[in-house]
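First comes the structure, then the notes that go with it.
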Amino acid sequence: MNKTLEAMARAIFKDWFVDFGPTRAKMEGRAPYMAPDIWSLFPERLDDGKPEGWALRPVRDFAELRGGKQLEKERIAAVGTIPVFGGAGVMGFTDEHNADGFVISVGRVGAYCGQFFSHRGKAWINNNASLIRQHEGISGEWLFQSLRHADIEVIKKGAAQPFVSNTDVGNMPIIWPGEVVVGRFAEIVVPLMLRMEHNDAEASTLAATRDILSPKLMSGEVRVKDAENLIGEAT
């Protein structure tokens, strides 16, 4: 289910902000394919390859980039609730955090540098990644999708040890359609993301319950009916 929800969010972003589907449909005289109040937000024509009135602006206009901080290996565990983000995404868990809210990170050094990751809640951004903290009033979901569609390859440096700098990421151009369009995008996409997070949390709870109950079921300490009741309470 989560793959479907994520695919829906990506498809909406791509249609609105990459393919400029609504504007192209208007130019070709095609019928509207979304609610009238949303359809009316999109320009009637393209100007220099993008919808009229939309602008290319650098990432730094919407967010502050800050390098992560090294966390000692003994403070990183295989399981937990607060993820540690490194250059290739989640590298473990800890009970500390240096970021909170809608967290966006980018791998800064190594083979996976330039990949973007998101998380809602507390997180630790390690030293081979950077935190991208969106400015007040900027949709994290919109910014995250914009970063994923940006041309990161042109700013990668180094052959043996590839890296991207915070300055170069901050200078990358992304499409800015205006606050109203971004706001409507967030209204549609945020519920999808929250549902995904709910599904993940529910799956984690079920997995933890299974791990606790399995040995007890095998030993006869807990009866099947009791286990079913416990699982029902967990969900």
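Brief remarks on what is shown
- Residue within segment 180-187 that is within 15 Å of the chain's Cα centre (by Cα) and either crowded, with 17+ Cβ neighbours inside 10 Å or closer than 27 Å to Ser40 by Cβ (or both) present: yes
- Only residues that are among the aromatic types (Phe, Trp, Tyr), farther than 23 Å from Ile155 by Cβ and touching a residue at least 24 places away in the same chain (Cβ under 8 Å) were counted across segment 63-96, and they come to 0.
- Subset of segment 98-135 that is among the charged types (D, E, K, R) and farther than 23 Å from Ile155 by Cα - its residue that is modelled with the lowest pLDDT: Arg120
- Note on segment 148-166: residues that are in contact (Cβ under 8 Å) with a residue 60 or more places away in the chain and over 16 Å from Ile12 (Cβ atoms) amount to 2.
- Residue list for segment 116-162, restricted to those being assigned to a strand (DSSP E or B), over 11 Å from the mean Cα position of the chain (by Cα) and among the hydrophobic types (A, V, I, L, M, F, W, C): Ala123, Trp124, Ile125, Ala129, Leu131, Ile132
- Identity of the residue in segment 79-97, crowded, with 16+ Cβ neighbours inside 10 Å and under 23 Å from Val59 (Cα atoms), that ends up modelled with the highest pLDDT: Phe85
- Qualifying position, being without any contact (Cβ under 8 Å) to a residue 24 or more places away in the chain and surrounded by fewer than 18 Cβ atoms within 10 Å (Cβ to Cβ), among Arg60, Arg45: Arg45
- Elements of the type helices (runs of 4 or more DSSP H) sitting completely within segment 1-107 and holding at least 1 residues that are in contact with a Pro (Cβ under 6 Å, 6 or more places away or on another chain): these cover 21-27, 36-39.
- Where a residue in segment 97-116 is among the charged types (D, E, K, R) and its partner, wherever it lies, is buried (at least 17 other Cβ atoms within 10 Å of the Cβ) and not in a loop (DSSP other than H, G, I, E, B), with Cβ under 7 Å and at least six apart: Arg108/Ala129; Arg108/Ser130; Arg108/Phe163
The values are calculated or read from the model by the stated rules, or taken from the named source; none is laboratory data. Please read all numbers here as calculations on a predicted model, not as lab measurements. Every residue, glycine among them, receives a Cβ derived from its backbone with ideal geometry; neighbour counts consider all protein chains shown.
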